[in-house]
Every structure is written in structure tokens, then in C-alpha cells.
Amino acid sequence: MSDESYKNRYYSKKKYEAAIETLGVGLVFLFVAILSLFFIAFNVDFIGLKSWGYWLFIPAFFIILGGFSQYYTNMKFQKSIKVALLDRGNQGTHKLEDIALEVGIKPKDVLQVLIDLRQKGIVSYRFNSDTGEIILGEKVAYVKSEEYVVPPKKLEEPLETKGKAFCVYCGHQLPKEGNFCENCGSKI
């Protein structure tokens with residue numbers, strides 16, 4: 001497919017994100033709201049929770065609802081990626097963008113789903129170190145470099161990779177010269 005077709009493709013507006021943090025925040029709100037009910041029952045006033053804490057039931061409900069919604073979205077994304085890989089027979093070399101076009105999910109979300117599925121042992125793949133394409137059915141033996149330092153979550157610009165014998169993004173020891181990391185697919 002041409003690069004032009006990627007620009008005009010409709011992708012889902014939803015994102016593949018962790019749902020556990022959202023659910024955790026919702027449970028904290030719920031806990032404080034329940035705690036305020038005990039303060040009301042036993043006439044204890046701790047930082048005013050007796051008078052306003054029960055109002056936290058409302059945001060707790062919506063936060064927990066959002067967490068379950070995100071969990072459902074994640075499961076839907078995982079299912080669609082698994083089906084796309086099964087259609088390919090879990091074999092062969094494929095472009096990440098082609099899989100993204102097929103399932104209607106942004107390529108960065110497809111990559112995150114693939115990482116999660118590989119960590120769960122559901123799918124095996126590695127990246128072609130020359131082209132960056134996904135090779136399904138092949139495992140990568142992750143070897144962490146001793147020199148690796150975890151990069152910050154938000155990057156202003158790509159990290160410097162020249163002269164490094166490992167991937168600066170995931171720490172995988174690079175077995176040979178190439179343009180991409182065979183573990184995470186990052187451009188080297």
C-alpha cells in the first residue's frame with residue numbers, strides 16, 4: 001500500500017491505555033466516600049469528610065465506569081489484533097501499518113497490543129532489523145545490555161543511537177548492525 005493511503009485512513013478514536021490506574025483512582029474515591037459515611041455514623045469530623053465526603057460517590061461511579069470502558073476497549077483491540085494475526089496464519093513478514101489499516105487501530109496502539117500479547121505468551125514475533133517489518137511466529141531472545149538506562153516517558157526528540165550496541169529504548173543487546181531493534185521495532 002502507498003504511504004498516501006495511510007494518511008486518509010480512519011482509525012478508531014479510542015486509545016489502548018492501561019485501565020488499572022483508572023480503576024484504582026475510582027476505588028480510592030469510593031473508599032473515601034464510604035469512609036465519610038462511617039464518620040457521619042460515628043459523628044467524627046476528620047478534615048471535614050463528614051460534611052462533604054459522601055459527594056465522592058458521584059465521581060467514583062464515573063471514574064470506575066470509565067475504567068471498565070477502557071478495559072472493554074483494550075479487550076476489543078486485543079481480539080481484533082488476534083483475529084488479524086490468525087488470518088495471516090501467525091506466520092510471515094508484515095508491515096505494522098498494514099495490520100493497523102486492516103483493524104482500524106492506530107499503529108502505535110497496534111504495537112502496544114502486540115507487546116502485551118507477546119508478554120502474555122499469546123503471540124510470538126520479532127522485528128526485521130533491516131526493514132522494521134514484523135516477522136510472526138519467530139521469538140526474540142531478549143538480552144538486556146548492562147549499559148542500558150531507562151529513558152524518560154516523554155521525549156522531546158529521538159534518543160541518540162550512534163555508537164550504541166543496544167537499543168536505547170528497550171535495552172535489547174543488538175546482535176548485528178541493522179536499522180531497527182528486533183525486540184521493540186524502534187529505529188536505530
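The values are calculated or read from the model by the stated rules, or taken from the named source; none is laboratory data. Remember, predicted model here, so these are calculated numbers, not experimental data. Cβ: placed from backbone, ideal geometry, glycine included. Neighbour counts: every protein chain shown.
Please enumerate the residues belonging to the stretch 132-150 that are out of contact with any Ser or Thr (no Cβ under 8 Å at 6 or more places or on another chain), within 30 Å of LYS82 (Cα to Cα) and surrounded by 12 or more Cβ atoms within 10 Å (Cβ to Cβ). Before the answer, list the steps.
Of all residues in the stretch 132-150, those out of contact with any Ser or Thr (no Cβ under 8 Å at 6 or more places or on another chain) come to 132, 140-150.
Pick out the ones that are also within 30 Å of LYS82 (Cα to Cα) and you get 132, 140-144, 150.
Residues satisfying the conditions are GLY132, VAL140, TYR142, VAL143, LYS144.
Being among the hydrophobic types (A, V, I, L, M, F, W, C) and touching an Asp or Glu at 6+ places or on another chain (Cβ under 7 Å) is the filter here; which residues of the stretch 80-95 pass it? Talk me through it step by step, then tell me what you get.
Looking only at the stretch 80-95, we keep the residues that are among the hydrophobic types (A, V, I, L, M, F, W, C), and these are 81, 83-86.
If the condition is that a residue be among the hydrophobic types (A, V, I, L, M, F, W, C) and touching an Asp or Glu at 6+ places or on another chain (Cβ under 7 Å), then ALA84 is the only one that fits.
Could you pull out the residue among LEU111, LEU101, LEU117 that is under 21 Å from ASN179 (Cα atoms), in contact (Cβ under 8 Å) with a residue 12 or more places away in the chain and in contact with a helix residue (DSSP H, G or I) (Cβ under 9 Å, 6 or more places away or on another chain)?
Details: LEU101 fails: under 21 Å from ASN179 (Cα atoms); LEU117 fails: under 21 Å from ASN179 (Cα atoms).
Going through LEU111, LEU101, LEU117 in turn, just one is under 21 Å from ASN179 (Cα atoms), in contact (Cβ under 8 Å) with a residue 12 or more places away in the chain and in contact with a helix residue (DSSP H, G or I) (Cβ under 9 Å, 6 or more places away or on another chain): LEU111.
Is it the case that some residue within the stretch 163-182 is surrounded by fewer than 16 Cβ atoms within 10 Å (Cβ to Cβ) and either among the β-branched types (Val, Ile, Thr) or within 20 Å of the chain's Cα centre (by Cα) (or both)?
No: the stretch 163-182 contains no residue that is surrounded by fewer than 16 Cβ atoms within 10 Å (Cβ to Cβ) and either among the β-branched types (Val, Ile, Thr) or within 20 Å of the chain's Cα centre (by Cα) (or both).
Could you list, in sequence order, the residues of the stretch 171-188 that are part of a loop (DSSP other than H, G, I, E, B) and either over 21 Å from LYS95 (Cβ atoms) or in the same structural domain as VAL123 (by TED's automatic domain parsing) (or both)? So that I can check it myself, show each step before the final result.
Taking the stretch 171-188 and keeping what is part of a loop (DSSP other than H, G, I, E, B), we get 171, 174-179, 181-186, 188.
Listed by number, the residues that qualify are GLY171, LEU174, PRO175, LYS176, GLU177.
Within the stretch 94-119, which residues are under 19 Å from TYR169 (Cβ atoms) and basic (Lys, Arg)?
LYS106, LYS108, ARG118
Could you list all residues from the stretch 7-63 that are of a type in the set (S, T, N, Q) and either closer than 30 Å to ILE105 by Cβ or touching a Ser or Thr at 6+ places or on another chain (Cβ under 6 Å) (or both)?
Here is the first cut: in the stretch 7-63, the ones of a type in the set (S, T, N, Q) are 8, 12, 22, 36, 43, 51.
Selection gives ASN8, SER12, THR22.
Within the set of pairs 6 or more residues apart or between chains, which connect a residue that is at negative phi inside the stretch 151-168 to a residue that is outside any loop (DSSP other than H, G, I, E, B) and surrounded by 12 or more Cβ atoms within 10 Å (Cβ to Cβ) with Cβ atoms less than 7 Å apart?
ALA165/GLN173; PHE166/HIS172; PHE166/GLN173
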